[in-house]
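Engineer: Let me begin by handing over the structure; questions about it come next.
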Amino acid sequence: MKKTLNQKAWFMVLPVLLLVAFSAIIPLMTVVNYSVQDTFGNNEFFWVGLEWFEEILHSERMHDALSRQAMFTAIILLIEIPLGIFVALHMPKNKGFWSSLCLVLVALPLLIPWNVVGTIWQVFGRVDIGLLGHSLASLGIDYNYTQNSTAAWFTIIIMDVWHWTSLVVLLCYAGLQSIPDAYYQAAKIDQASRWNVFRHIQLPKIKGVLLIAILLRFMDSFMIYTEPFVLTGGGPGNATTFLSIDLVKMAIGQFDLGPAAAFSLMYFLGILLVSYVFYTLMVNSEGQGS
Amino acid sequence: MDFSWMGWTTPTAIFFIAIAIALLLMIIWGVVAPQAPRRGILQFATTPGDRLFISMLGSAFICLGWLAFFGAPLWGALLLCLIYAVSVFKWV
């Protein structure tokens, strides 16, 4: 069959191209322009070259914020991924009332806006009126997330786990549901233990969705802003000042647009690198699976 | 249209024009001599576009590393980036 060559389809891409240019490429170009200049507003700029990049690369404040950010992301991934798999494995397998109920209950935290989540936990953790704070205080535990950095970290991590483990659960549950029964029947014939079924059937089969879950949770947690900002405002001191909070402080609070632009470009490059690595792993694991 | 709010400078304009030219050349190369994805030393299939992306991303990190250890100017880093990009296109 002779195929006709029609290049008109390229025009279909044009609206997306314009939209991406308007919402991403032009702002990114502006950030690059700002990163090599100093400005005091009124569109007046002074060339500084790569000075802001050098300053940020050697800034102790940025190193601290990056360490806190990396620690936060590592902790929540170490908790949310195993917990999400565990919950998904224990949800009802057959379609019916209980599985639907479980899915709705699990999905509920995902429907709550981020600033509301921060507010909920801000009240929940208060020693005077919050259930969590008051209960812990009644047990004699010294818990005050506004004054104690350990308590602030504990609250933020629990809040993130409460908010986002559901995403991992839903993705893993979808992956588990797609495993044909024949695999389980074969495992039963071989008298495979529960652990072996998980290790050799379930885990390899959910590898693809698990990588998506890790990628999504990595990106989201590495860019986290609203929830800790509402809950602790980055405090006590700088104990919960993560990269994005520090970036906003620098750009809007101090109006240091040049260093903030250089900082955000490095931040962007870091996320781009990790996302690309995950994406490549994901695509390759799919290729191997098929 | 007034683009003064974007704070354009000659070096950043040259930087973006260079990226645009690189993309344009890749498109022309792709049309003139289409290439199938191939597996290199990283053991995953890459198209020339992927290799350009890996080159650019890696080059950004080489420049940042140079700035962190040696400071400006970046001529040495640019030479390293060029060697890196050629290696990526040859072996990745």
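Engineer: If you take the residues in the range A:1-50 that are of a type in the set (Ser, Thr, Tyr) and either within 32 Å of the chain's Cα centre (by Cα) or within 14 Å of chain B (Cβ to nearest Cβ) (or both), which one is most open to solvent (accessible area, probe 1.4 Å)? Break it down stepwise before answering.
Structural biologist: Here is the first cut: in the range A:1-50, the residues of a type in the set (Ser, Thr, Tyr) are A:4, A:23, A:30, A:34-35, A:39.
Within this subset, residues satisfying the condition of being either within 32 Å of the chain's Cα centre (by Cα) or within 14 Å of chain B (Cβ to nearest Cβ) (or both) are A:23, A:30, A:34-35, A:39.
Numbers: A:Ser23: 81, A:Thr30: 15, A:Tyr34: 47, A:Ser35: 2, A:Thr39: 10 Å².
Once the filter is applied, the top-ranked residue is A:Ser23.
Engineer: Output the helices (runs of 4 or more DSSP H) that fall wholly within the range A:203-290 and possess 3 or more residues being open to solvent by less than 20 Å² (accessible area, probe 1.4 Å), within 14 Å of chain B (Cβ to nearest Cβ) and of a type outside the set (S, T, N, Q), or say none. Spell out the reasoning first.
Structural biologist: Values: elements: A:207-222, A:226-231, A:243-248, A:257-289.
Qualifying helices (runs of 4 or more DSSP H): A:257-289.
Engineer: Looking at B:Ile83, B:Ile21, B:Ile41, B:Ile27, can you tell me which residue is within 25 Å of A:Thr30 (Cα to Cα), aliphatic (A, V, I, L, M) and more than 9 Å from chain A (Cβ to nearest Cβ)?
Structural biologist: Numbers: B:Ile83 fails: within 25 Å of A:Thr30 (Cα to Cα); B:Ile41 fails: within 25 Å of A:Thr30 (Cα to Cα); B:Ile27 fails: within 25 Å of A:Thr30 (Cα to Cα).
Unique residue meeting the criteria: B:Ile21.
Engineer: Considering only the range A:56-90, how many residues are touching a residue at least 40 places away in the same chain (Cβ under 8 Å) and either of a type in the set (Phe, Trp, Tyr) or more than 14 Å from chain B (Cβ to nearest Cβ) (or both)?
Structural biologist: 19
Engineer: Given the range A:1-101, what helices (runs of 4 or more DSSP H) lie entirely inside it while holding 3 or more residues that are farther than 29 Å from B:Phe16 by Cβ?
Structural biologist: Details: elements: A:10-20, A:26-35, A:51-57, A:60-89.
Per the criteria, A:60-89.
Engineer: From the list A:Tyr183, A:Tyr173, which one is open to solvent by 80 Å² or more (accessible area, probe 1.4 Å) and farther than 25 Å from A:Gln69 by Cα?
Structural biologist: On inspection, the qualifying residue turns out to be A:Tyr183.
Engineer: Checking A:Val197 against (1) farther than 21 Å from A:Leu103 by Cα; (2) in a loop (DSSP other than H, G, I, E, B), only one condition comes out false. Which one?
Structural biologist: Result: A:Val197 passes all but (2).
Engineer: To continue, here is another question. Is it fair to say A:His58 is under 27 Å from A:Ala152 (Cα atoms) and over 16 Å from the mean Cα position of the chain (by Cα)?
Structural biologist: For A:His58, the condition - under 27 Å from A:Ala152 (Cα atoms) and over 16 Å from the mean Cα position of the chain (by Cα) - is not met.
Engineer: Determine whether B:Gly65 is of a type in the set (Gly, Ala, Ser) and open to solvent by less than 30 Å² (accessible area, probe 1.4 Å).
Structural biologist: Yes, satisfied.
The values are calculated or read from the model by the stated rules, or taken from the named source; none is laboratory data. These numbers were taken from a predicted model, which means no experiment stands behind them. Glycine also receives a Cβ, built like all others from the backbone with ideal geometry; neighbour counts cover every protein chain displayed. Ligands, DNA and RNA are stripped out before the accessible areas are found, and what is left, the full protein with its side chains, is counted by its heavy atoms. Shrake-Rupley method; radii C 1.70, N 1.55, O 1.52, S 1.80 Å.
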